[in-house]
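Derivation of every value follows stated rules applied to the coordinates shown; laboratory data play no part. As the structure is a prediction and not an experimental result, all values here were calculated from the model. Virtual Cβ from ideal backbone geometry, glycine too; neighbours counted across all protein chains shown.
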Amino acid sequence: MRRDTRARGLRALLVGALLSLPGVAAAGGVLGLSYDSSDRYGESFTFVADADDGTYVTVNLSVTNIGPGSRTGICRATVLRPGKPAWSPQTRMGAKEWSYTPDTDTLKLGTCTAQATDAGLTVDAALDNGRVTLEYAKKPEPWSPEGSVVENGKDRYRHEVLLGASPVKLTLQVPKSAAVTLAGGGYVDHSRSTVAPAKLAKRWVRFRAMKGPQHMVVLAREGQEGDYAPVYVWEGKGAARLLESFTVTQTGTKEKSTWRAELTDRDGKPALTLRGTSLLQRSAPVESLGMLGGLVRPVVGSPVTYLLRGVMERPGKAPVEGLMEVSVEGE
């Protein structure tokens with residue numbers, strides 16, 4: 001039984017490898033896909049919501065060729081509620097079970113649907129006898145700062161932000177619980193890649209402040225060769241400010257970790273500090289496979305992602321609270 005469970009986990013990891021990438025308008029509208037026949041192709045939309053009561057929600061809609069078959073669709077959600085068990089349902093499907101309708105800018109993967117309109121953006125995921133609906137009040141306005149395209153030989157990764165910050169209404173129906181409606185702030189991005197995940201990055205640092213008076217987005221990538229791009233901060237309006245590089249420091253191990261990131265500007269001066277204050281989740285999918293992880297590590301690497309409540313600190317400015325993510329290649 002344990003071997004069967006791990007085998008299922010191995011297959012899920014292969015087809016879902018690119019879901020961990022930070023979520024590129026393409027064919028059609030904002031939610032259009034640009035399919036590629038490469039066996040390393042993956043395209044993912046990531047919808048994030050941070051509710052006023054501390055609930056954290058993500059929904060990922062992805063299409064990938066990694067793993068058995070091709071044009072595999074994946075819908076996955078994560079719901080983290082204060083003081084309650086995590087709920088992380090997902091489903092995968094063949095090419096005939098997902099579709100995109102350009103006329104209405106609607107992406108449908110099985111029982112999960114996302115639609116963008118002039119009035120906003122909605123994603124609805126009915127999974128494992130539960131449901132997550134996120135209704136964003138702002139219309140998507142895609143942007144991609146310099147460095148958002150990463151090339152590796154003939155392969156390419158590209159990232160864009162669809163919504164840096166927007167009011168969002170959350171409707172949650174977790175199995176065996178009453179439905180609840182919450183309010184908060186949200187974020188949406190889109191990534192497309194033919195670069196093998198194991199070759200894409202050594203580290204990622206992300207920070208999103210989606211609630212309150214000050215909105216922030218930080219994205220920072222360190223490549224396998226020590227290159228840094230993209231590295232930027234967006235402060236709620238206007239263009240993102242490009243930064244030079246960053247360092248990360250871990251104190252403690254695994255679930256007892258705290259993290260700190262120092263980012264410098266293009267003159268080499270300190271630009272901002274990101275500091276984790278409490279850990280929400282540690283995710284290590286390859287590590288959890290044990291010996292079977294060796295079969296997929298050459299393709300997907302061994303990523304470990306920490307999701308934390310955190311704070312941004314900048315010289316001469318008030319601190320900003322938000323969500324911090326640190327992804328590292330193994331530990």
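Across q = 0.10, 0.16, 0.23 Å⁻¹, the stretch 137-250 modelled as identical point scatterers on its alpha-carbon atoms has Debye log10 I(q)/I(0) values of -0.38, -0.82, -1.25, in the order of the q list. Mean residue ellipticity at 222 nm, helices only, the chain: -2000 deg cm²/dmol; runs of at least 4 DSSP H residues each add -39,500 (n - 2.57), and the sum is divided by the number of residues.
Straight Cα distances below 15 angstrom link Lys108 to the aspartates and glutamates Glu43, Glu97, Asp124, with same-chain residues fewer than 8 positions distant left out.
For Lys138, the aspartates and glutamates whose Cα comes closer than 16 Å to its Cα, not counting residues fewer than 8 places off in the same chain, are Asp50, Asp105, Asp118, Asp189.
Within straight-line reach of Lys84, meaning a Cα separation under 28 Å, sit the following lysines at least 8 residues removed in sequence or on another chain: Lys169, Lys176, Lys211, Lys254, Lys256.
For the ranges 48-54, 269-275, 316-322, 62-68, what's the packing order if you count other beta-carbon atoms within 10 Å of each residue, average per peptide, and put the highest first? List each step's numbers first, then the result.
Values: 48-54: 19.6, 269-275: 18.0, 316-322: 14.3, 62-68: 22.0.
Final packing ranking: 62-68, 48-54, 269-275, 316-322.
Each of the peptides 173-179, 136-142 was scored by the mean count of other Cβ atoms within 10 Å over its residues; in descending order, highest first, they stand as 136-142, 173-179.
On the principal axes of its alpha carbon atoms, the chain extends 53, 43, 41 Å, with the longest extent given first.
Mind ordering 191-202, 94-105, 220-231 by average Cβ neighbours within 10 Å, highest first? Each step should come with its number before you reach the end.
Working: 191-202: 21.7, 94-105: 13.8, 220-231: 17.4.
The most tightly packed comes first, giving 191-202, 220-231, 94-105.
Counting 0.36 nm for each residue step from Thr273 to Lys176 and taking away their Cα separation leaves a gain of 30.8 nm. Using alpha-carbon positions, what is the distance between the centroids of the stretch 147-205 and the stretch 218-269, in Å? So the separation of the two Cα centres works out to 17 Å.
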